[in-house]
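To start, the structure under review is shown below, and the notes come after it.
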Amino acid sequence: MKYVLVTGGVVSGLGKGVTASSIGLLLKACGLRVTSIKIDPYLNTDAGTMSPFEHGEVFVLDDGGEVDLDLGNYERFLDIKLTRDNNITTGKIYQSVLDKERRGDYLGKTVQVVPHITDAIQEWIERAARIPVDGQEGPADVCVIELGGTIGDIESMPFIEALGQFSYHVGPGNFCLIHVSLVPVLNVVGEQKTKPTQHSVRGLRGLGLTPNILACRSTKALDENVKEKLSQFCHVPAENIVTLYDVPNIWHVPLLLKDQKAHEAILKGLNLLGSAREPDLHEWTARTKICDMLHDQVRIAMVGKYTGLSDSYLSVLKALLHASVSCRRKLVVEWIAAGDLEDVTSKEDPDAYKKAWNLLKGADGVLVPGGFGDRGVQGKILAAKYARENKIPFLGICLGMQIAVIEFARSVLGLNDANSTEFDPETPNPCVIFMPEGSKTHMGGTMRLGSRRTLFKVPNCKSAKLYGNGSFVDERHRHRYEVNPEMVSQFENAGLSFVGRDETGQRMEIIELPGHPYFVGVQFHPEFKSRPGKPSALFLGLIAAACGQLDAVLQNNGHATMPLSNGMANGKAVVKPYQNGNGVKSSNGSLNGVYSNGNGVHF
């Protein structure tokens, strides 16, 4: 097993996740099997109880692991399925060591950070690296490890020490360290400054780790004299210093690395030059060029609770991007804070109210993503009502499906007091209820999590067609509440169709509104399995409906067939959505590529 470690210096948010994902993609393009591990130095056991405002979205894996959003990057770029063990946290390590101590495994010993914590970290890395994640048997060839945080953080010190020991343990030729650092440009003089990176590398070397490659983040490509200066002071060969300058779309990052021959430096450091081929990124390059050249827009209104931080809905944004590129449309996301649509806002902030409704009415499609808590729920209900009554394509995910059911109960069934017991425990018409197996005392890891099977009960429904006319689909879940099965017959008699259910037939998974161009709600999270070349089926349906292509997609068994400008695949690219739970994606921090109304974010 070979290991590539990606660390970060100077400041956080430089894009270590995208860099690590791009390195993995580049190595995979060289014919190597690749897996990934993300190390998060925080004390939380996992990301499940952290606010999206605090740490971005919680990404959910097939095995139910609630993990850092960077694992979403890895899955999307590498088209792999990771496990909860691929995300290491300080909390997990200390918990495992303390469990051993209580069992008596260290009987007679004083349990310390060194060697017990550091040994546990190394053992976890070796164990997780050998878990097959690409559908093939046996361990991967290379494991890309991303160390979260910044060099010098107190909380990451045990991991730095463990990784220093680990590099010695695996030996030369099996370990390559890539340090991502910042080379700022001062506007006053316009000069690229190397001192922050020099200090960062000095700190890294002082902790026992020596970088093999420097990946320098900057606004523009590094000047040759700057590279020479960095090489001299950081003790890294000039050919091993690559620039990761700002690009319009993060899909360019693997291409940047390839053009600067980063793969050769990595393969040389891992003694793999003789066994790897030249990287084949033709399909990736073609898709990136197509994304850059799109000009016909599709506007999607994102009605949510966490619109102040786009990372809160990162996988949703990426799934929208994958679908829009496959339909050859430039994605424009109109961020709408759900609370701004509510009547109370018309009195407290008339301008925000008017702006929100204008954005909603100007959209080609409406998406209500998942969430927790009652803030903004009434605004989401109003958005669902607007989309239903005006036949605007609509996709509701998790809570988005539940509010569509609540809105239907109020507006069509006439149950004005219908609600979810999450928001009103005493509602006389509980159309959404707490799941019987849920825990009301413990929050972490107690939801219905991970990949679950949904059976299609209406074979010719839009959802089944988008999923390739299969009889079932496996998608990832994360919820505590569900549609009340005792009210399903009322809804269906009034015209709302529950086309997908779980294997017991009692848990509602997919709703559709017959006669509507595209009104779909799902209890699961299809965004987690969307990939750049294989968009999520239901996101593809939303985008296709929003730009008038849905009939063609449905006739083609849920595939979007569009010509490619570079003649790839004989001039045709058949973009297959994820079906029956197969699937990858791109993502992280900067949402390059999407146009957005509020914060200038571009896909």
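With 0.36 nm allotted per residue and the present C-alpha distance subtracted, the His282-Gln297 stretch has 2.8 nm of extension available. Positive end of the charge dipole of region 464-508 (Lys, Arg +1 and Asp, Glu -1 on Cβ, about the Cα centre): tell me which of Gly470, Ser489, Thr504 has its Cα farthest that way. Projecting each Cα onto the dipole axis, the largest value belongs to Gly470.
Its DSSP H runs of at least 4 residues, each contributing -39,500 (n - 2.57), put the calculated 222 nm mean residue ellipticity of the chain at -10000 deg cm²/dmol, to the nearest 500.
The share of accessible area on region 1-110 that comes from carbon and sulfur is 50 percent, using a 1.4 angstrom probe. Quick check: from the Cα gyration tensor, does the chain come out rounded (a/c under 1.5), prolate or oblate? It comes out prolate by the Cα gyration axes. Summarising the strand pairing of the chain, around 35 percent of its internal DSSP beta bridges are antiparallel.
For Val247 and Phe372, FRET efficiency with R0 = 51 Å and r from the beta-carbon atoms, rounded to 0.05? Walk me through the numbers on the way to the answer.
Values: r = 34 Å, r/R0 = 0.67.
Here the calculated transfer efficiency is 0.90.
For region 276-366, DSSP calls about 0 percent of its internal beta bridges antiparallel. Within region 256-295, report the trypsin sites (Lys or Arg not before Pro) that DSSP leaves as loop and that have at most 12 other Cβ atoms within 10 Å. Those that pass, being in a loop and sparsely packed, are Arg277. As a rough guide to protection, the peptides 490-496, 78-84 ranked by mean Cβ packing within 10 Å, highest first, stand as 78-84, 490-496. Here the chain is assigned +1 on the Cβ of each Lys and Arg and -1 on the Cβ of each Asp and Glu. Its dipole about the Cα centre then comes out at about 1160 debye. Subtracting the Cα-Cα distance of Glu137 and Asp153 from their residue separation scaled by 0.36 nm leaves 2.0 nm.
Roughly how many Å² is the accessible area per residue of the chain, as a whole number, for a 1.4 Å probe? Ligands and nucleic acids excluded, the result is 39 Å² per residue.
Could you calculate the FRET efficiency of Ser96 with Phe472 from 1/(1 + (r/R0)^6), where r is the beta carbon distance between them and R0 is 30 Å, rounded to 0.05?
Values: r = 36 Å, r/R0 = 1.20.
According to the calculation, E is roughly 0.25.
Accessible surface of region 366-439, 1.4 Å probe: 48 percent of it comes from carbon and sulfur atoms.
With a 1.4 Å probe and every protein chain kept in, tell me what percent of the accessible surface of region 185-265 is carbon plus sulfur. Present the calculation step by step, with values, prior to reporting the outcome.
Numbers: 1970 of 3940 Å².
The computed percentage sits at 50.
The values are calculated or read from the model by the stated rules, or taken from the named source; none is laboratory data. The shown structure was predicted, so the numbers you read here are calculated from the model rather than taken from an experiment. We place every Cβ from the backbone using ideal geometry, glycine too, and count neighbours over all the protein chains shown. These area figures cover heavy atoms from the full protein model, side chains too; ligands, DNA and RNA do not enter into them. Shrake-Rupley method; radii C 1.70, N 1.55, O 1.52, S 1.80 Å.
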